[in-house]
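Comments concern the structure below.
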Amino acid sequence: MVSNKRIVWITLLLLITSYFSISNFILPVPDSQSSSGFSAKRVSDDIKIISKEPHSSEHPAERERVRSFLAERLREIGFDVEVEYYDSIGNIYASLPPLYSVSGEEPTYVLLMAHLDSRHANIINGKTHYSKGAADDGYGLGVILELAKGVVKYRDDWSQGVKILFTDAEETNLGGIKMAVAKRGVFLSDVGFIINIEARGVKGPALLFETSPGNSKLINLYSKARFPAGYSLTSFVYNILPNYSDFSLIKEEYSGINIAVIDNLDYYHTEKDSFENISLSSIQHYGEQLTPILKSYLKENRYSDINYLRSSADSVYFTLPLFGIVVFSAIGYNTLNVIVLLCFVFNFIYLLKTNKIGIFNVLKTIIKLLIVLFFVVAFSWTGSWLIALINGASYKLIGLAHLRFDEVFSIICLILTFLLIIMTFKKIIKDNIYRLKEYIISSELILLVSSIIIFSITGENFFLLFPLIFSLISRALKGYKFELVTTVFLVVLLLFIVIPFIYSLYIALYTGSIFIPLAIFTLLLFSILPALYSVSTKLA
């Protein structure tokens, strides 16, 4: 049997590794006020002024105060600034060309973009909220001001120029960017790269959550970032969220990236989006990523071609905390999927022909594991529906926030899922080597089919593919001299790949969709428990 001592060991390894993979220790430490580099503390000074009061479309005087402050700050930095009004909408356009042109040609530009308005009246649980816009989009405005101040220091080395667009009325049907496209097409005509800075929360890592189509060259540029954080799959997820940004309107025509913090949806578009709740580490994370990207784009002559970042190919990428971003070409990623499929099929046929597994036992085990998966999904979905009912809120699949007890419910779901999988694993194997093999094959089959389905829908499946790869490798390591050390290393690596994605998916979709990250977590545990069990037998 799987002893309690082994369960404790397995639990501790999972808990410690998972905690460190998503904790804020991976975020950069905010630089001091006197730092010569990007300083989140200097950014916070600007945010304090910007978020003094609500400045939504319902607050024209307060919005004008913010607009005037931003225009003056840009002029102080050295930009040519123009404020253009379209009835009640007022955009800020700023530009600074390079001192020297490349081969006498007209320069191309990087466009830094954020919106200056805060959220208008938002009724939540019967209460009207007016956000002060400290994060959304004070983060974007403040970060861009600090970036602009930093890049002018090496203007002598620029091959490209910098443009800044602070749009108005983003929260009101993207009014500002629509006016910019319709009325100021010339301002955008020489832009080769767009960086849009947003916030859908107040804390956590600043994620690259959306790119323009054909992103392979964009991701090559983004890989220069310090502390990069992003998932190509989030572009697909963002398209189904009930949110849009200025970048959404123009991403088909311009090469660019969209970056935002997404943690703590309960503060998003509420009065809690205030200066008191900003995260200096998150602000610093924006700067640490974007500073080297801007330096590369502004200095390198190749980007003088306005179409340089355009591509017909997309990259598959995901974050590996502490190490950076892992990037695959579409061809390379598809090839990896085919190789894994063939490895599994050949191995499965071999095990059947050598009578090392029984097909009927495998099928029975698959049914048991699918029942567990179904129970996890059904319980968590039903629970989220009940939590909404208790709070007097209408259930919705995406963005179900501002609920009492939702965090407690999420923790309970996670604990129950873990315990259910452990108990199922204990019952199936019963220290029988053949049942353990059949369990492994069964979990791999479920992972394989799930991977194929997800890949056919989204074009990627790394959060399922790598657990499958891990399971195949761990079987191959059986009896290897350094099996213990290698297995533990691979488990930690796998958790660092998948757990941050699961957490990001949860905070993006929130309580109504908790069954989705829990289902992925279940499949992850299916894949690693046999290896952890084998390791625990050596440590027992």
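Think of each Lys and Arg Cβ as +1 and each Asp and Glu Cβ as -1; about the Cα centre, that makes the dipole of the stretch 31-313 roughly 560 debye.
Distant-in-sequence amide contacts of G256, defined by a placed amide H-H separation under 5 Å and a gap of 5 or more residues or a different chain, comprise I194, S212. Straight-line cross-link reach from K41 at under 12 Å between alpha-carbon atoms covers these aspartates and glutamates, not counting any fewer than eight positions away in the same chain: D31, E146. Computed from Cα positions, the angle between helix 4-22 and the longest principal axis of the chain comes to roughly 20 degrees. For the residue pairs K183/K203; K153/K183; K437/K481; K356/K427; K132/K396, the C-alpha atoms sit more than 30 angstrom apart in K183/K203; K153/K183. Close amide H pairs (under 5 Å, H built 1.01 Å from N) link Y86 with N91, residues at least 5 positions away or on another chain.
Helix 483-509 and the longest principal axis of the C-alpha atoms of the chain enclose an angle of approximately 50°. Distances between every pair of Cα atoms in the chain, grouped in 10 Å steps from 0 to the bin holding the largest one, split as 3, 17, 26, 23, 16, 10, 4, 1 percent.
Note on the stretch 31-313: dipole from Cβ charges, positive end direction compared against F247, S44, G287; the farthest Cα belongs to G287. Ignoring aspartates and glutamates fewer than eight residues from K364 along the same chain, the ones with Cα atoms less than 19 angstrom from its Cα are D431, E438, E444.
Only helices enter the 222 nm calculation for the chain: every DSSP H run of n ≥ 4 contributes -39,500 (n - 2.57), and dividing by all residues gives -18000 deg cm²/dmol, rounded to 500. Shown in residue order for the stretch 223-232 are the 3J(HN,Hα) couplings computed by the Karplus curve 6.51 cos²θ - 1.76 cosθ + 1.60 at θ = phi - 60°: 5, 6, 5, 8, 6, x, 8, x, 9, 4 Hz (x for Gly and Pro).
Loop-located chymotrypsin sites (Phe, Trp or Tyr not before Pro) in the stretch 93-170 (DSSP state not H, G, I, E or B) with no more than 14 neighbouring Cβ atoms inside 10 Å: Y100.
For the chain, a crude dipole built from +1 on the beta carbon of Lys and Arg and -1 on the beta carbon of Asp and Glu, taken about the Cα centre, is about 2820 debye to the nearest 20.
Of S189, Y154, L165, which is farthest on the positive side of the dipole of the stretch 119-238, counting Cα position, with +1 on Lys and Arg Cβ, -1 on Asp and Glu Cβ, and the Cα centre as origin? Among S189, Y154, L165, the one farthest towards the positive end of the dipole of the stretch 119-238 is Y154.
Within the same chain, aspartates and glutamates fewer than 8 places from K299 are excluded, and of the rest, those with a Cα less than 18 Å from its Cα are E105, E106, D156, D157, D190, E288. Scalar couplings 3J(HN,Hα) for the stretch 168-185, obtained by applying the Karplus form with A = 6.51, B = -1.76, C = 1.60 to θ = phi - 60°, are 9, 6, 5, 6, 10, 6, 6, x, x, 5, 5, 5, 4, 5, 6, 9, 10, x Hz; x denotes Gly and Pro.
Once the cut-off is 34 Å, how many percent of the Cα-Cα pairs in the stretch 31-313 end up in the long-distance tail?
Details: 4618 of 39903 pairs.
Roughly 12 percent, rounded to a whole number.
Between helix 330-353 and the chain there is an angle of about 10 degrees, using the helix long axis and the longest principal axis of the Cα atoms. Site pair E84 and K481 shows an inter-label distance of 7.1 nm when each label is modelled 7 Å from Cα along Cα→Cβ.
Each value in this text was obtained by applying a stated rule to the coordinates, not by laboratory testing. A quick note: this is a predicted structure, and the numbers were derived from the prediction, not measured. Here Cβ is always computed from backbone atoms with ideal geometry, including for glycine, and neighbour counts include all displayed protein chains.
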